[in-house]
Amino acid sequence: MFEQLFQFLVTGITVGSLYALVGLGFALIYNASDVVNFAQGEFVMLGAMIAIALLDAGMPLLLAASAATLLTIVAGLLLERFAIEPAKGASVVTTIIITIGAGIFLRGVALLLWGKDFHSLPPFSGDTPIQLGGATVLPQSLWVLGITVLLVALVRAFFNRTLLGKALLACSFNRVAAQAVGINVRVMLRLAYGLSAGLGALAGILIAPITFSSYEAGIMLGLKGFSAAIIGGIGNPMGAVAGGLLLGVLESLGAGLISSGYKDAIAFLFVLMVLFFKPTGLFGHQLVERV
Amino acid sequence: MKNWWQTALAATLLLAGVNLASAAEPIRIGSFLTVTGPASFLGDPELKTLQMYVEDINAKGGVKGRKLELIHYDTGGNAKDAVNFAKRLIKNDKVDLIVGGTTTGDSMAVIPDVEKEGIPFISLAGGVEIVEPVKKWVFKTPHTDRMAVAKIYEDLRKRGLTKVALITGDGGFDKSGHEQLLKLAPQYGMTLVADEFYGNKDSDMTAQLTKIRATEAQAIINFGFGQAPAIVTRNIKQLGITLPLYQSHGVASKSFIDLAGNAAEGVRLPAAALVIAEQLPDTDPQKPVLLAYKNKYEAKYGPVSTFGGHAYDGLMIAVGALQRAGSADKAKVRDEIEKTKGFIGTAGVFNMSPEDHMGLTLDAFKMVEVRKGAWKIID
């Protein structure tokens, strides 16, 4: 029983760290602009698909992964420049709808480029499972965990230690005041889109060897990442990370201990409960209505 | 009454006129397929096959001197759209018969309209409920999930394995297969020791498989299609589970082996003979048909799949019936489809009857195993 439980936890944390990375992307853009970017899942898909395509073209894995991340960042910046920026001054809801449209557009582009098939990336370091006290872990899961920890630490340091990060944070608290003290809000917005596109791409590349990728792969991941961000209190990057891990573990335990048929229902029920009893999320700061 | 000959003449002319018109008019074959959406890997080769062969038949002079016209709509896997398109095909496009319906859901949804209007309908979906109970105007060409389940259980019985763990997805195909797995188990003396589920878009099934590992299962059956079965296959390897794994005919394509990689070694599944056409003995009457279709399809579009083959079977059965009926008269064509005997298609040899609107037997399925990254026929 303990062995089983341990396996559920390992599985949950692996999947959860993926949700965490996607959720982090949501939090970043929300912070900078109050907008929930529903194309976030598509960044994940783009990263994976570009990496697979480059690898197939003969590029070594590390180079393909870096190039795919960079290209996805460029895609994120282009999205901001040509879809979000022209709608400057539009309401938040309008912008959110634009991001939904952008997501559909990106999916369409991916469909045309790579077809409808599922594609797979070879694992970074083999697929011989590692025994861990009764549970088995794929080496790729360790990559997922390790890089997630690294990225989360980097994002945290970025917000707490660098001037740029603090400027971005300032925008999230009060955009007008941030502008007044000389922060270029527009540049910050681009930064946020670029960063979250990069994070999404890395998540996609990390997970592609385990779960495969296709033009539609972003939809479900986007939804789960969004749930992670909500659980953690949207706009709180570290909350999103915690929310993602919690969601992953909950899904895995739900599937293992209760019923695998209700796995998603359990996860989404939890999201609903959080919204009911703590609408600002588990780690969200009390929202003050800005007038 | 003295003008009776005038009336007769007018009637004759009218009939002649109708005949003249119909000789020039093409035979309209309606189709609605899932070319986009999650089941697109089924509908896409189906549409390509229909287009390719309609063109081919027309280049050879059509059917009884009349060209075929294919009218197609994409349902995207949405049963509501399927109903609307079927109505449009019948009412606006005035098709003579319908060959289509990629998914069981789409096919079931249009049956009431097809039956009411009296249009011969050849479905390309797997669900057994499409032709059971028999519906007057409805036929189908793919093997049913019940046949797949029977084939798997038969193979298990041969190996002396009776304790089985099930793991299935949440799609229509998965659920229908799951139902058959439960239904047929007692008949084959199978004990189901686990019954797990996953979402078809899930990225990890180790939790469910960990539960299965703790049972006394002797074999695992995973019924589904798309990428999820490939993930299940990999997860089983990851967890160090060495039980024999059976997949369904839903993953009988090269892409499953590509996705699952090494983990696919030893996986068994029932598949249509198209997958292993080259391995059939030369005496097999199906072999030339399979190779002809395979070569033709691959020359134009790339790797063949069994799903496109179902469309080939459907179209050819329809063409055969049209030829025998001598016209596109709906009732006559329906009767002739029902009389299809000994038609060698990609799915097997079809022998339809008033009681059987599919006409395939269990030996149309071959049990195959993945060995060294390729399908190997074992029975």
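The values are calculated or read from the model by the stated rules, or taken from the named source; none is laboratory data. Owing to the predicted nature of the structure, the values given are computational and were not obtained by experimental measurement. Because the Cβ atoms are built from the backbone with ideal geometry, glycine has one as well, and the counts that use them run over all protein chains shown. The accessibility values were calculated without ligands, DNA or RNA, using every heavy atom of the protein model including side chains. Shrake-Rupley method; radii C 1.70, N 1.55, O 1.52, S 1.80 Å.
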Quick test for you: out of A:Phe26, A:Phe2, pick the one residue that is open to solvent by less than 40 Å² (accessible area, probe 1.4 Å), farther than 20 Å from B:Ile236 by Cβ and either out of contact with any His (no Cβ under 7 Å at 6 or more places or on another chain) or more than 10 Å from chain B (Cβ to nearest Cβ) (or both).
A:Phe26
For the range A:29-49, which residues satisfy the criterion of being among the small types (Gly, Ala, Ser) and more than 14 Å from chain B (Cβ to nearest Cβ)?
A:Ala32, A:Ser33, A:Ala39, A:Gly47
Tell me yes or no: at least one residue of the range A:86-101 is within 14 Å of another protein chain (Cβ to nearest Cβ), aliphatic (A, V, I, L, M) and surrounded by 14 or more Cβ atoms within 10 Å (Cβ to Cβ).
no
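I want to confirm something. Restricting to the range B:171-203 and keeping residues that are away from every other protein chain (no Cβ under 11 Å), on the phi < 0 side of the Ramachandran plot and part of a loop (DSSP other than H, G, I, E, B), which single residue is modelled with the lowest pLDDT? Working first, answer last.
Within the range B:171-203, the subset away from every other protein chain (no Cβ under 11 Å) is B:171-174, B:176-177, B:179-193.
Now restrict to residues that are on the phi < 0 side of the Ramachandran plot: B:171-174, B:176-177, B:179-188, B:190-193.
Imposing the further condition that a residue be part of a loop (DSSP other than H, G, I, E, B) reduces the set to B:171, B:185, B:190.
Values: B:Gly171: 78, B:Ala185: 95, B:Met190: 95.
Here the residue is B:Gly171.
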A:Tyr215 versus (1) within 13 Å of the chain's Cα centre (by Cα); (2) surrounded by 21 or more Cβ atoms within 10 Å (Cβ to Cβ): which is the lone unmet condition?
(1)
Tally up the residues in the range A:172-204 that are in a helix (DSSP H, G or I) and either within 14 Å of another protein chain (Cβ to nearest Cβ) or surrounded by fewer than 24 Cβ atoms within 10 Å (Cβ to Cβ) (or both), please.
20
So if I check each of A:Phe277, A:Phe283, A:Phe226, which one is more than 10 Å from chain B (Cβ to nearest Cβ), open to solvent by 40 Å² or more (accessible area, probe 1.4 Å) and at pLDDT below 85?
A:Phe283
Considering the range B:26-84 alone, what residues qualify as being open to solvent by 20 Å² or more (accessible area, probe 1.4 Å), within 30 Å of A:Ile219 (Cβ to Cβ), away from chain A (no Cβ under 14 Å) and assigned to a strand (DSSP E or B)?
B:His72, B:Tyr73
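Just name the residue that is surrounded by the most Cβ atoms within 10 Å (Cβ to Cβ) out of those in the range B:130-152 that are charged (D, E, K, R) and more than 22 Å from B:Ser40 (Cα to Cα). Show your work before the answer.
Initially, the range B:130-152 is screened for residues charged (D, E, K, R), giving B:132, B:135-136, B:140, B:145-146, B:151.
Cutting the leftovers down to more than 22 Å from B:Ser40 (Cα to Cα) gives us B:132, B:135-136, B:146, B:151.
Numbers: B:Glu132: 15, B:Lys135: 15, B:Lys136: 13, B:Arg146: 21, B:Lys151: 25.
Looking at residues that are charged (D, E, K, R) and more than 22 Å from B:Ser40 (Cα to Cα), I get B:Lys151.
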Somewhere in the range A:243-264, is a residue in a helix (DSSP H, G or I), surrounded by fewer than 22 Cβ atoms within 10 Å (Cβ to Cβ), acidic (Asp, Glu) and at pLDDT below 90?
yes
Please go through the range B:155-189 and give me each residue that is more than 20 Å from A:Ser260 (Cβ to Cβ) and open to solvent by less than 60 Å² (accessible area, probe 1.4 Å), ordered by number.
B:Asp155, B:Leu156, B:Gly160, B:Leu161, B:Thr162, B:Leu184, B:Tyr188, B:Gly189
Of the residues in the range B:258-275 that are at pLDDT below 90 and surrounded by fewer than 19 Cβ atoms within 10 Å (Cβ to Cβ), the one that is farthest from the chain's Cα centre (by Cα) is B:Asn262
Here the residues within the range A:128-153 that are open to solvent by 60 Å² or more (accessible area, probe 1.4 Å), without any contact (Cβ under 8 Å) to a residue 40 or more places away in the chain, more than 16 Å from A:Gly244 (Cβ to Cβ) and outside any strand (DSSP E or B) are A:Thr128, A:Leu142
Looking at (1) free of Cβ contacts under 8 Å to residues at least 24 places away in the same chain; (2) open to solvent by 30 Å² or more (accessible area, probe 1.4 Å), find the lone condition where B:Glu355 falls short.
(1)
Taking interchain pairs and intrachain pairs at least six residues apart, which have beta carbon atoms under 6 angstrom, with the first residue in the range A:177-193 and among the hydrophobic types (A, V, I, L, M, F, W, C) and the second at pLDDT below 85 and open to solvent by 70 Å² or more (accessible area, probe 1.4 Å)?
A:Val185/A:Arg175
Pick out the one residue from A:Gly89, A:Gly47 that is part of a helix (DSSP H, G or I) and either out of contact with any Cys (no Cβ under 7 Å at 6 or more places or on another chain) or not small (Gly, Ala, Ser) (or both).
A:Gly47
